[in-house]
Amino acid sequence: MTKEIVVKTFTKEISAPIAEAQALEITSPAQMTEGVQYLSQLNKFLDRVVEYKKSKTDPINKALKIIRAETKPIEEALEGSISVVRQKMSSYQTEQKRITDEAAERIAARVRAGTGNLTPETAIKKLEALDTPEKVVSADSGSVQFRTKHRVEILDIKALPAEYLIADEAKILQAQKEGIDLAGVRYYTTQEPYNTR
C-alpha cells in the first residue's frame, strides 16, 4: 500500500471519531461510558498508526543502530581530541589576553603629569607595542577565530536571588512521595484516565 493511500485511509477512518470526541461532554455516568468508548476507539486507531509507523521505521532504525555502532568509537576519539585541542587553545589565548590586559592597565595607570609617569603619547606608543594575541589565527588547513565568552561559576547558591533558582519538579514530587511537605508548594491530586483496549 502506498504512503498516500495509507494516509488517506487513516485520515478517513479517524475524522469522524475525532470530531465526535472533540464535541463530547461528560456530565453524567452515561456520557462517561461514551467517553470510554471514544477513548478506546481513538487509542486503537493510534495503536494501528504506531504499528504502521514501526513497520516502516524499525528496519531504518536497525540500520542506523548498526551504522552508529560502527562509527561511534571513531567519533568519540575525534571528539575527545578536538576537545583537548580546543581547551589548550582556549587556555593559552585566555592567559595571553590576561597578560596583555594587565600590561595595558599598568600603562594606563601611569598616565599623568610628573616624573616617572607617562605622557598620553608615550602610553599610546607602549600600548601599540604590546604583543596582543591575534583574534584570528590561520593555518593551511583552516582558521580559528577567538571570541570572548562570558561564563559563570556559582560559589554560593544560597546567596543567589530567588528568581535565579529553578524548581526541580521531579525532586519535589519525590519529596512528596517520601512524605516531605515543602514550603511554597501546593500538593493536589487529579484523576487521570488510563485506557486499556
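The values are calculated or read from the model by the stated rules, or taken from the named source; none is laboratory data. All values derive from a computational prediction rather than experimental measurement. FYI the Cβ positions are ideal-geometry reconstructions off the backbone, even for glycines, and counts take in every protein chain you see. Heads up: the accessible areas ignore ligands, DNA and RNA and are worked out on the full protein's heavy atoms, side chains in. Shrake-Rupley method; radii C 1.70, N 1.55, O 1.52, S 1.80 Å.
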Counting only Cα atoms, I'd like the Rg/Rh figure for segment 127-197, Kirkwood definition for Rh. 1.36
Enumerate the aspartates and glutamates that K171 could reach by cross-link, defined here as Cα to Cα under 16 Å, with residues fewer than 8 away along the same chain left out. D181
Sort 14-23, 185-194, 36-45 for me by packing, meaning the mean count of neighbouring Cβ atoms within 10 Å per residue, highest on top. 36-45, 14-23, 185-194
Just V49, V85, V137 to compare: in a GNM of the chain, with alpha carbon springs under 10 Å, which one fluctuates most? V137
Treating cross-link reach as a plain straight distance, find the lysines whose alpha-carbon is under 23 Å from the alpha-carbon of K97, omitting any fewer than eight places away in the same chain. K88, K125, K126, K135, K149
For the chain, find the longest principal axis of its Cα atoms and tell me its angle to the long axis of helix 120-129, 0 to 90°, nearest 10. 60
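Please give the per residue accessible area of the chain, computed with a probe of 1.4 Å over protein heavy atoms only, in Å².
That works out to 88 Å² per residue.
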Under the definition of Cα pairs under 8 Å and six or more residues apart, what whole-number percent is the relative contact order of segment 70-197? 12
To make sure I understand the rule: partners must be lysines, Cα under 29 Å from the Cα of K62, and not fewer than 8 residues away in the same chain. Which ones qualify? K3, K8, K44, K53, K54, K72
How much net charge surrounds R197 when only the other residues with a Cβ under 14 Å from the Cβ of R197 are counted, with Lys and Arg +1 and Asp and Glu -1? 0
Percentage, to the nearest whole number, of Cα pairs in segment 1-103 over 18 Å apart: 72
Per DSSP helix of 4 or more residues, -39500 (n - 2.57); summed, then divided by the residues of the chain. What does that give at 222 nm, rounded to the nearest 500? -22000 deg cm²/dmol
Taking the simple approach of a point 7 Å from Cα along Cα-to-Cβ for both T94 and K62, what is their distance in nm? 4.8
Whole-number D in µm² s⁻¹ for the chain, Kirkwood Cα-pair radius fed into Stokes-Einstein, 37 °C, 0.692 mPa s: 124
Output wanted: per-residue J couplings in Hz (rounded whole) for segment 91-105, from phi through Karplus 6.51 cos²θ - 1.76 cosθ + 1.60, θ = phi - 60°, x for Gly and Pro. 4, 4, 5, 4, 5, 5, 5, 4, 4, 5, 4, 5, 5, 5, 5
